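Colleague: Sending over a structure as structure tokens; questions will come in a sec.
Each value in this text was obtained by applying a stated rule to the coordinates, not by laboratory testing. In this text the structure is predicted, and so the values were computed from the model without any measurement. Every residue, glycine as well, gets a Cβ built from its backbone with ideal geometry; the counts of neighbours run over all protein chains shown.
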Amino acid sequence: MPVVIQMSALQFVEREYNRRRRILSAVKSHLLEEGKPAYAVASHREASMKSIYEAMSIAAVFLVAQATLAQDRKPLPPDEASKYVVSAKAGIVGIIEGSASVTHAVPPATPDMLIFGDELRTGDTVTTGAASRAEILLDPGCYLRVGDGTQFVYLIDGSANNKIKLVRGSAIIEAAFVESDIVIDTPKSSFAIKEPGIYRFNILSGGASEVIVRKGKVYADKIEIKAGKKAIIDGAPMIAASSKNDLDGLDDWSKYRASELIATNKNLSNSVMKGSIFASGFVSNSWIYDPFCRCYTFLPWTAGFSSPYGWSYSVYNPFWYFSPWSGGVYYSGGRSSPGGGKTQPGGGSDAGGGGHGHPNRGGIHPPPPPRITPAGRSFEPSHGASAPAPSHDGGGKKH
């Protein structure tokens, strides 16, 4: 964790130093072109050095502040440093580009710097800075990505509430799997996501709410908004067809992040997973932290899961694999064949141990096997069967 923090600080130092040098160099050139006397140029040189020293002082304060914050984050124990860590928790910060702050609901309610690996709590308010982006891991398989100048309140509590309140700015939900409705509250409406897809939400000037559905469908109260449509709500909803003109840098970044997460999943090692701190009792979709790349990705509990951008998660639970065509037998899981296999209409795969769906059965994920408790007793998971997997459409080019 400290390495990630120091790298971002060093990037800040370099950016601030180079920015001031460019400005001061331009001023010096202007003075020379204007034929200013030597003392004016010398005075400018003195001012230049002072400005650069100021930049380095600011950077030093920034480094100390971030290092102090880093000390509050407990690193992984040495015996876990080379192992994967699996969790089903929502609210983990997957990435921060630029700057972001969090104001905790628990007093004292003062803004703190938000960094990779932080865990949001119910009621926390997150605000991104200028030219900044952030990714938050929701329920396993679902990502919240927000653009610059965005503010939202995290209201997910792990039980009854699965809600994000978007106060201003823009947000994208990428959902490879939806276990329970994801609710996005805005100043003008409340939206419910019930199935996998890609959803863009904007708070427009004047407070109107906009939703753009790339894939899937969303509900504004009882009004269904399908894929390829957008709706502006400021009173009565206005629904129209979406277009490529609705895409911007946040959309491109979201797709790029999806491709990175797929690549991270593909590089997971079955042997390391089997030797890590979780055992065969792990039978649900989860987030997995990879200490080798210092990043998180999605680890499905079985084969057949895909990003709605079009790529397959080729590595899955190394302990379980469900075969509905062999009398409901659970096999050892792990990895699909190179490339993830050929996708069938039902969303499954015909290679690497099969997929989760059947071409004529709609591609429904089977219920996971009984969870094994430490005492060896089993019980049935409460979440039941999952929704159909999104289809593969090639995913377009990477950005």
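Colleague: Which of the residues spanning the range 177-227 are farther than 23 Å from residue 309 by Cβ and not in a strand (DSSP E or B)?
Modeller: Within the range 177-227, 186, 187, 188, 189, 204, 205, 206, 207, 208, 221, 222 qualify.
Every residue, every condition in (1) more than 30 Å from residue 98 (Cβ to Cβ); (2) touching a helix residue (DSSP H, G or I) at 6+ places or on another chain (Cβ under 7 Å); (3) not aliphatic (A, V, I, L, M), yes or no:
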site	(1), (2), (3)
186	no, no, yes
195	yes, no, yes
213	no, no, no
236	yes, no, no
256	no, no, yes
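Colleague: How many residues are surrounded by fewer than 18 Cβ atoms within 10 Å (Cβ to Cβ) and assigned to a strand (DSSP E or B) if we restrict to the range 152-176?
Modeller: Going through the range 152-176 one residue at a time, the tally reaches 3.
Colleague: Would you confirm whether any residue within the range 228-238 is surrounded by 18 or more Cβ atoms within 10 Å (Cβ to Cβ), touching a Pro at 6+ places or on another chain (Cβ under 8 Å) and assigned to a loop (DSSP other than H, G, I, E, B)?
Modeller: Checking the range 228-238: not a single residue is surrounded by 18 or more Cβ atoms within 10 Å (Cβ to Cβ), touching a Pro at 6+ places or on another chain (Cβ under 8 Å) and assigned to a loop (DSSP other than H, G, I, E, B).
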